[in-house]
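Visitor: Below is a structure I'd like to ask you about.
The values are calculated or read from the model by the stated rules, or taken from the named source; none is laboratory data. Note that the structure is predicted; figures quoted are calculated from it, not measured. For neighbour counting, all protein chains shown are included, and Cβ atoms are generated from backbone atoms with ideal geometry for every residue, glycine included. With ligands, DNA and RNA removed, areas are computed over all heavy atoms of the protein, side chains included. Shrake-Rupley method; radii C 1.70, N 1.55, O 1.52, S 1.80 Å.
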Amino acid sequence: MKYSPDEICRAAKAIQPYIVELLDAPNAQRLERQLEGLLSESSLKQGSHTELSSLLLEHEATRDWIRLYLEEQYPAEDILKALRIYYPLPGLMNPVESPRYVCPVEKCHQDWYRHKREEAIPMCPIHDLQLVIDS
Ligand SMILES: [Zn+2]
């Protein structure tokens, strides 16, 4: 599977909002951070696209997403639906096992995963409001 630097760049930007649904929480957070780092440089350094492509193709779910996007020309917003037909995504099962809680303030990015039922729901450290379940 070989994509051009342009294609990889385009796919990396397009996949960003969907990563959290494609991968389990730790992998999703790691990948989001790495992509942001690579994409935030105004022009990609030589070799950055190699790094991008190895990040994006490392996991089966993101690899399939990229393939549908670049090879089958699916619109980005339809791909999750298409992928669910193939296999249940780990990122989709994760919210059931570990529900995600978010700050009720819009645009606040504080979030937290409740791994155990007995864990108390924390407060947003910025707004001092209790996090609410993300639906
Ligand atoms: Zn907040």
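Visitor: Find how much the distance from Gln110 to Leu57 grows on full extension, using 0.36 nm per residue of separation minus their present alpha carbon separation; answer in nm with one decimal.
Guide: In short, 16.3 nm is gained.
Visitor: Let me ask another. Can you pull out the GluC sites (Glu not before Pro) in the range 43-83 whose DSSP state is coil and whose Cβ has at most 16 other Cβ atoms within 10 Å?
Guide: The qualifying sites are Glu58, Glu71, Glu72.
Visitor: Fully extended, how many nm does the chain gain between Arg84 and Arg30 (0.36 nm per residue separation, minus their Cα-Cα distance)?
Guide: Between Arg84 and Arg30, full extension yields 17.2 nm more.
Visitor: Here is a further query. Ignoring ligands, DNA and RNA, please state the percent of accessible area on the chain from carbon and sulfur, probe 1.4 Å.
Guide: Numbers: 4270 of 8540 Å².
Answer for the chain: carbon and sulfur cover 50 percent of the accessible area.
Visitor: On to the next question. Bin by bin, in steps of 5 Å, what percent of the Cα pairs in the chain do you find, going until the bin that has the longest distance?
Guide: 2, 10, 19, 18, 18, 14, 10, 7, 3, 0
Visitor: In addition: Counting helices only, and only those DSSP H runs with n ≥ 4, report the 222 nm mean residue ellipticity of the chain as the sum of -39,500 (n - 2.57) divided by its residues, in deg cm²/dmol to the nearest 500.
Guide: One gets -15000 deg cm²/dmol as the mean residue ellipticity at 222 nm.
Visitor: Round to the nearest 10 and give me the degree value, 0 to 90, for the angle of helix 76-86's Cα axis relative to the longest principal axis of the chain.
Guide: That works out to roughly 80 degrees.
Visitor: By its C-alpha gyration tensor, with a ≥ b ≥ c as the square roots of the eigenvalues, how is the range 1-76 shaped: rounded for a/c under 1.5, else prolate for a/b larger than b/c, else oblate?
Guide: Oblate is the answer for the range 1-76, as a/c is 1.5 or above yet b/c matches or exceeds a/b.
Visitor: How large is ³J(HN,Hα) for each residue in the range 2-11, as worked out from phi by the Karplus curve 6.51 cos²θ - 1.76 cosθ + 1.60 (θ = phi - 60°), to whole Hz, x for Gly and Pro?
Guide: Each residue of the range 2-11 in turn: 10, 10, 6, x, 4, 5, 4, 5, 5, 5 Hz.
Visitor: Shifting gears a bit: If you count only protein heavy atoms with a 1.4 Å probe, what accessible area per residue comes out for the chain, rounded to a whole Å²? All intermediate terms of the calculation are to be shown ahead of the outcome.
Guide: Details: 8540 Å² over 135 residues.
That works out to 63 Å² for each residue.
Visitor: Can you give the extra length, in nm with one decimal, that the chain gains between Glu72 and Leu39 once fully stretched, where that is 0.36 nm per residue apart less the Cα-Cα distance?
Guide: Working: separation 33, 0.36 × 33 = 11.88 nm, distance 2.37 nm.
Result for the pair: 9.5 nm of gain on full extension.
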